[in-house]
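For reference, the structure is listed below as structure tokens.
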Amino acid sequence: MTQIRTRLLALAAATACMTIAGAAFADELSIMASGGAWQDAQRKAWFEPFAKETGAKILEQEYLGDLGKVKAMVETGNVPIDLVTVETATVLQGCDAGILERLDYAKIGPRDKFIEGSALDCGVGLDAYGDILAYDPTVLKEAPTSVLDLFDTTKFPGKRAMRKFPAQNLEWALMADGVAPADVYKVLATPEGVDRAFKKLDTIKKDIVWWDAGAQPAQLLASQEVVMTTAWNGRIQNAIDSDKKPFKIVWNNQILEYDMIAIPKGARNPELAYKYLAYISQPENNAKLASFITYGPVRTDAASFVAADALPKLPNAPDHLAGAYLVADTEFWGDYGEDLVKRFNAWLAQ
Amino acid sequence: MSALQPSELDRPTLARDRSAADTDLKSVTAALRRAEFGDRMRSLLLAAPLLVLLALSFGIPIVLLLSRAVYDPTIAEALPKTTAALAGWNGQGLPGDDAFAALAADLKDNRAKGTAYELAKSLNARLPGARSQVLKTVRKLESADGQAALEAMKSVPFWSAPTTWPTIQSGTSTLTSFYLLSALDLRWNADGGIERVPPEQAIFVQVFLRTFFVAASVTLATLILGFPLAYVIANVPKGLAAILIVAVLLPFWTSILVRTAAWTVLLQKFGLVNDFLLFIGIASDRLDLMYSRVGLIVAMTHIQLPFTLLPIYSVMRTIPPSQLKAAYSLGARPFTAFRRVYIPQVFPGVMAGCLLTFILCLGYYITPALIGGASDQLISNFIANYVNVELNWEMAAALSFILLVFTLALFGIFARILGLDRLKLM
């Protein structure tokens with residue numbers, strides 16, 4: 001149901017985009033984000049304090065995270081948004097297609113103070129999140145110790161939910177097949193490596209339930225449709241903290257990714273947009289988001305500003321990086337994403 | 001009939017008379033046509049605003065979008081020097097150093113113009129992995145000129161790989177068949193022939209077939225449900241018929257999104273349909289109705305029912321019940337009367353309703369996205385994915401083009417079998 005709600009909201013947002021196109025004032029900043037608990041957290045951590053500090057008015061919009069609408073706006077020369085939150089692979093796509101502004105880091109902050117891979121040409125990191133495994137210990141008697149236990153159907157029988165997308169799943173499949181984390185992307189860049197990953201996925205294909213909206217994993221676990229699920233760590237933590245669910249997170253073999261924010265080409269208020277980027281990139285502000293959703297800061301010098309109770313729940317907390325983990329390779333997905341998505345869809349349909 | 005045929009002897013006279021009559025008829029027709037011409041022009045003038053609006057808001061945008069399927073000037077515009085250098089290349093092995101030097105110069109120009117990324121993306125669509133290689137080379141070329149630039153090019157193995165240069169060469173022509181072929185799971189092979197892509201990459205033919213299968217299943221289901229209902233509505237007293245028509249139309253006036261959302265409430269694992277099936281004991285375990293083909297067809301059938309039913313009903317209403325009674329009185333059994341008197345008359349309505357539903361089903365997007373599973377996505381879902389997520393509008397245009405061609409061909413076949421003027425839509 002939340003998936004539908006998200007889509008309905010996205011439709012509403014699209015309509016709003018069209019109607020809003022009218023007047024934009026110098027002190028108005030229009031931000032399009034992908035909604036849900038994550039946008040709520042951004043509002044509390046950044047939108048509201050920034051508005052208070054600068055007197056700017058923030059107009060919020062929601063969308064599904066696909067750049068098609070932004071591309072249409074840029075191509076028609078009518079861009080009613082100043083900032084848009086995106087995934088890293090989408091930043092590369094938008095950069096290549098010329099629909100996102102190349103950022104001037106002099107106006108944002110020192111680029112070398114960002115975690116590697118979180119300060120891109122066309123997008124700056126907002127937070128770090130983990131692709132993790134979640135389960136319900138009241139259902140699953142034996143606790144999984146690694147995300148790769150997804151592939152162990154003898155020890156953990158039952159349905160498992162995974163994201164309907166090749167990224168992460170192919171990486172995990174290779175690691176479960178014995179590839180060292182450091183070699184995953186090297187292997188996956190070869191046709192044999194791709195075959196190997198799909199072959200491994202084949203072994204559990206009939207046990208997989210696919211999710212595509214971020215809120216689904218927690219629902220699937222709660223309704224006991226699956227015994228374990230991959231998920232974004234913040235969504236599961238949210239279910240644990242707010243909905244008092246007994247879920248547990250497995251951090252070993254997590255994949256770390258960054259959320260990004262970008263300025264579309266032809267934005268009406270780029271100066272204010274830069275001001276906002278500079279604001280949220282200050283270490284103490286960057287650390288604030290963690291108090292509202294358990295996503296970690298992307299500034300290397302922000303850790304000391306994270307609230308003490310939030311720190312142990314972050315994907316890049318020292319404890320959670322103690323086991324094996326993989327940092328998602330954006331460049332790889334920029335190169336092979338489209339091809340692998342097509343292959344993945346072909347595989348799903350078989 | 002045969003008794004009226006003229007005998008051999010009469011033929012010449014008849015032929016002469018006929019030709020005279022033909023001439024008369026022709027001149028009359030011509031005069032009539034001249035007289036009608038003015039009228040026609042005037043009525044065309046009245047319709048002109050609508051036609052212009054249609055052309056501007058419908059025809060031209062569609063043509064422009066579809067032209068992206070075959071017209072892709074990105075590579076040719078980005079690589080003018082390479083295009084010239086490759087003009088005489090036979091496509092075998094590697095081209096000469098002049099081509100490498102020309103490409104190096106083009107890449108440097110692209111960096112200066114800021115178009116290197118677009119070039120990289122366009123090449124990557126044809127040759128996965130090319131994106132980062134192009135960008136890497138562009139960075140390497142930054143401080144290299146002449147011989148150094150040539151060496152920098154040669155130091156990247158990608159530029160000496162067997163598939164790279166043929167791909168560039170095919171990309172330098174602004175008209176491309178690449179996307180249309182991809183949309184049919186085909187590609188050019190090294191010898192210049194067309195071949196199927198390997199099975200693990202083939203997807204679109206299957207999706208097209210699936211789309212047609214789902215559309216046909218839904219059409220059949222709406223016909224089976226709609227025909228008897230239309231018959232009942234056409235033959236009950238007026239007041240009851242009005243109530244029944246409203247009952248059919250009521251969901252028709254609800255947004256398709258709302259109806260689809262309602263079906264997810266009903267079909268989900270712990271939803272009403274599963275509760276009911278368990279309660280009456282038909283199913284022993286909860287069925288996976290959501291994200292399944294069955295759920296998709298049920299929901300689409302519900303949405304499409306009025307489209308099939310209304311044309312059938314409008315035709316049935318014009319057939320007086322007395323006709324069937326007349327057939328009975330002439331000795332026909334009920335089934336024979338139905339088959340030989342009733343069916344031929346409602347046939348145009350049935351065809352019109354089925355055609356309408358079938359063609360609308362080919363373009364379904366929201367319902368398969370929300371109710372269908374991974375293997376129930378129809379061609380529109382893939383088009384939307386290429387438009388919104390992959391930003392590969394060329395591929396989206398190619399898939400749309402193929403869908404449009406299939407739809408028009410189907411419409412043509414229907415029109416041929418039945419005649420367009422006999423299609424009774426309402």
Checklist entry - Exactly one of (1) more than 14 Å from every other protein chain (Cβ to nearest Cβ); (2) farther than 30 Å from residue B:288 by Cβ is unmet by residue B:358. Its number? => result (2)
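Yes or no, residue by residue, for (1) under 15 Å from residue B:398 (Cβ atoms); (2) buried (at least 16 other Cβ atoms within 10 Å of the Cβ); (3) within 24 Å of the chain's Cα centre (by Cα):
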residue: B:166; (1), (2), (3): no, yes, no
residue: B:175; (1), (2), (3): yes, no, yes
residue: B:187; (1), (2), (3): yes, yes, yes
residue: B:191; (1), (2), (3): no, no, no
residue: B:198; (1), (2), (3): no, no, no
residue: B:203; (1), (2), (3): yes, yes, yes
residue: B:212; (1), (2), (3): no, yes, yes
Checklist entry - Within segment A:287-294, is there a residue that is modelled with pLDDT under 95, surrounded by fewer than 18 Cβ atoms within 10 Å (Cβ to Cβ), assigned by TED's automatic domain parsing to the domain that holds residue A:118 and assigned to a helix (DSSP H, G or I)? => result yes
Next on the checklist: Taking the conditions exactly as written (acidic (Asp, Glu), surrounded by fewer than 17 Cβ atoms within 10 Å (Cβ to Cβ) and more than 14 Å from chain B (Cβ to nearest Cβ)), does residue A:48 satisfy them or not?
Outcome noted: yes
Checklist entry - Is it the case that some residue within segment A:89-105 is more than 30 Å from residue A:310 (Cβ to Cβ) and surrounded by fewer than 17 Cβ atoms within 10 Å (Cβ to Cβ)? => result yes
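Report whether or not residue A:309 is in contact (Cβ under 8 Å) with a residue 24 or more places away in the chain, in the same structural domain as residue A:115 (by TED's automatic domain parsing) and not in a helix (DSSP H, G or I).
Values: in contact (Cβ under 8 Å) with a residue 24 or more places away in the chain: no; in the same structural domain as residue A:115 (by TED's automatic domain parsing): yes; not in a helix (DSSP H, G or I): yes.
Judged against the criteria, residue A:309 is not a match.
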Next on the checklist: Given the condition surrounded by fewer than 21 Cβ atoms within 10 Å (Cβ to Cβ), of a type outside the set (S, T, N, Q) and without any contact (Cβ under 8 Å) to a residue 40 or more places away in the chain, answer yes or no: does some residue in segment A:134-143 qualify?
Outcome noted: yes
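Please pick out the residue among A:284, A:257, A:331 that is acidic (Asp, Glu), out of contact with any Leu (no Cβ under 8 Å at 6 or more places or on another chain) and under 30 Å from residue A:170 (Cα atoms). Quick ask: steps written out before the conclusion?
On the way: A:284 fails: under 30 Å from residue A:170 (Cα atoms); A:331 fails: out of contact with any Leu (no Cβ under 8 Å at 6 or more places or on another chain).
When all the criteria are applied, what remains is A:257.
Does residue B:126 fit the bill of being surrounded by fewer than 21 Cβ atoms within 10 Å (Cβ to Cβ), within 14 Å of chain A (Cβ to nearest Cβ) and charged (D, E, K, R)? Steps first, please.
On the way: surrounded by fewer than 21 Cβ atoms within 10 Å (Cβ to Cβ): yes; within 14 Å of chain A (Cβ to nearest Cβ): yes; charged (D, E, K, R): yes.
In short, yes.
Just give me the residues in segment A:133-146 being assigned to a strand (DSSP E or B) and either over 30 Å from residue A:92 (Cα atoms) or modelled with pLDDT under 95 (or both), in sequence order. Steps first, answer last, please.
Looking only at segment A:133-146, we keep the residues that are assigned to a strand (DSSP E or B), and these are A:133-135.
Within segment A:133-146, just A:135 meets the criteria.
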Checklist outcome for this item: Residue hits (segment A:147-175; surrounded by fewer than 17 Cβ atoms within 10 Å (Cβ to Cβ) and in a helix (DSSP H, G or I)) are none
Checklist outcome for this item: Scanning segment B:366-383 residue by residue, those in a helix (DSSP H, G or I), more than 8 Å from every other protein chain (Cβ to nearest Cβ) and farther than 17 Å from residue B:267 by Cα turn out to be B:379, B:380, B:381, B:383
Next on the checklist: What are the pairs with Cβ atoms under 6 angstrom where one residue, in segment B:224-240, is outside any helix (DSSP H, G or I) and the other, located anywhere, is exposed (fewer than 13 other Cβ atoms within 10 Å of the Cβ)? Sequence gap at least six, or different chains.
Outcome noted: none
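Report whether or not residue A:59 is within 13 Å of residue A:273 (Cβ to Cβ), in contact with a strand residue (DSSP E or B) (Cβ under 6 Å, 6 or more places away or on another chain) and within 13 Å of another protein chain (Cβ to nearest Cβ). Break it down into steps so the answer makes sense when it comes.
On the way: within 13 Å of residue A:273 (Cβ to Cβ): yes; in contact with a strand residue (DSSP E or B) (Cβ under 6 Å, 6 or more places away or on another chain): yes; within 13 Å of another protein chain (Cβ to nearest Cβ): no.
Answer is no for this residue.
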Checklist entry - Taking only pairs six or more apart or across chains, which ones have beta-carbon atoms under 6 Å, a first residue in segment A:46-59 that is within 9 Å of residue A:27 (Cα to Cα), and a second residue that is surrounded by fewer than 17 Cβ atoms within 10 Å (Cβ to Cβ) and among the small types (Gly, Ala, Ser)? => result A:58/A:51
Next on the checklist: Given the condition in contact with a Cys (Cβ under 7 Å, 6 or more places away or on another chain) and touching a residue at least 60 places away in the same chain (Cβ under 8 Å), answer yes or no: does some residue in segment A:238-257 qualify?
Outcome noted: no
Next on the checklist: Filter segment A:75-123 down to the residues that are assigned to a helix (DSSP H, G or I), among the aliphatic types (A, V, I, L, M) and modelled with pLDDT of 90 or more and list them by number.
Outcome noted: A:106
Next on the checklist: Can you go through B:321, B:344, B:306, B:348 and tell me which one is in contact with a Leu (Cβ under 8 Å, 6 or more places away or on another chain) and farther than 30 Å from residue B:373 by Cβ?
Outcome noted: B:348
Checklist entry - How many residues are surrounded by 14 or more Cβ atoms within 10 Å (Cβ to Cβ) and more than 10 Å from chain A (Cβ to nearest Cβ) if we restrict to segment B:263-279? => result 8
Item to check | Given (1) in a helix (DSSP H, G or I); (2) more than 14 Å from chain B (Cβ to nearest Cβ), index of the condition residue A:178 fails | outcome: (1)
Checklist entry - Listed residues A:202, A:183; which is under 30 Å from residue A:86 (Cα atoms) and at pLDDT 90 or above? => result A:183
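On the given criteria, is residue A:161 without any contact (Cβ under 8 Å) to a residue 60 or more places away in the chain, farther than 20 Å from residue A:279 by Cα and within 14 Å of another protein chain (Cβ to nearest Cβ)? Give the derivation first.
Numbers: without any contact (Cβ under 8 Å) to a residue 60 or more places away in the chain: no; farther than 20 Å from residue A:279 by Cα: yes; within 14 Å of another protein chain (Cβ to nearest Cβ): yes.
Considered against the rule, which asks whether it is without any contact (Cβ under 8 Å) to a residue 60 or more places away in the chain, farther than 20 Å from residue A:279 by Cα and within 14 Å of another protein chain (Cβ to nearest Cβ), residue A:161 comes out as no.
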Checklist entry - With (1) of a type in the set (A, V, I, L, M, F, W, C); (2) under 30 Å from residue B:197 (Cα atoms); (3) buried (at least 19 other Cβ atoms within 10 Å of the Cβ) as the list, and residue B:104 as the residue in question, which single condition is left unmet? => result (2)
Checklist outcome for this item: Scanning segment A:77-121 residue by residue, those under 20 Å from residue A:329 (Cβ atoms) and among the aromatic types (Phe, Trp, Tyr) turn out to be A:114
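The values are calculated or read from the model by the stated rules, or taken from the named source; none is laboratory data. Computed from a predicted structure; not experimentally measured. Cβ sites come from the backbone with ideal geometry, for glycine too, and all protein chains shown count toward neighbours.
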